[in-house]
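No lab work stands behind these numbers, since they all come straight from the coordinates. On a predicted model such as this, the values are computed, not experimentally measured, just so you know.
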Amino acid sequence: MLARVSTQDADLHGRHIPAGERMLFLLAAANRDADAFEDPVQVKLDRRRNAHLTFGSGAHRCPGSPLARLEMRVALEASSRPFVLTQIVNASADSAGRPGLRCTGGRS
Ligand code: HEM
């Protein structure tokens, strides 16, 4: 959500917005505009037309977006690796005698 204050009177979609009015903009709603995006509610990591507003726009556009994109790439790659049980210890009981399995590590 973005917050702004209008600098001049404006008319938008039948609503009058006086100068000095405080406004909130829902970026998530803009990102689901069917006129701007094909299948707007579908998660498509390889969208071609993708002028989304997640990081804002204009002078205050997010300067951290390259870092955020990198973090997301690392997280998606890490979470898509298979997690494998490398060792099953005490398959019938844990150290307190409770039944069950204990995983001791993962492998990518
Ligand atoms: C998924 C992660 C992130 C999202 C969705 C996001 C989103 C946004 C948005 C929408 C704005 C614009 C706000 C406005 O116009 O009022 C913004 C601004 C900003 N973001 Fe991010 N951001 C993210 C990550 C980061 C990171 C990782 C950093 C820094 C390391 C960062 C630093 C900033 C700063 C300093 C501004 C203010 C820019 C200005 O006012 O000129 N953001 N962010």
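Ordered by residue, what ³J(HN,Hα) values in Hz, to whole numbers, does the stretch 70-81 give under the Karplus form 6.51 cos²θ - 1.76 cosθ + 1.60, where θ = phi - 60° and Gly and Pro are x?
With coefficients 6.51, -1.76 and 1.60, one gets 5, 4, 5, 4, 4, 5, 5, 5, 5, 6, 8, 6 Hz.
Per residue of the stretch 26-39, in order, report the coupling 6.51 cos²θ - 1.76 cosθ + 1.60 (Karplus, θ = phi - 60°) as ³J(HN,Hα) in whole Hz, putting x for Gly and Pro.
8, 5, 4, 5, 4, 6, 10, 6, 5, 6, 9, 10, 6, 6
Would you please give the residues with an amide H less than 5 Å from that of residue 17, counting only those at least 5 places away or on a separate chain, with H modeled from the backbone geometry?
10, 11, 12
Mind listing the phi-derived Karplus ³J(HN,Hα) values for the stretch 50-63, rounded to whole Hz, using 6.51, -1.76 and 1.60 with θ = phi - 60°, and x for any glycine or proline?
Residue by residue, the stretch 50-63 yields 9, 7, 6, 10, 3, 9, x, 7, x, 4, 9, 3, 4, x Hz.
From the P(r) of the stretch 2-62, could you give the percentage of C-alpha pairs in the tail past 13 Å?
On the way: 1273 of 1830 pairs.
Looking at the stretch 2-62, the distances longer than 13 Å represent 70 percent of pairs.
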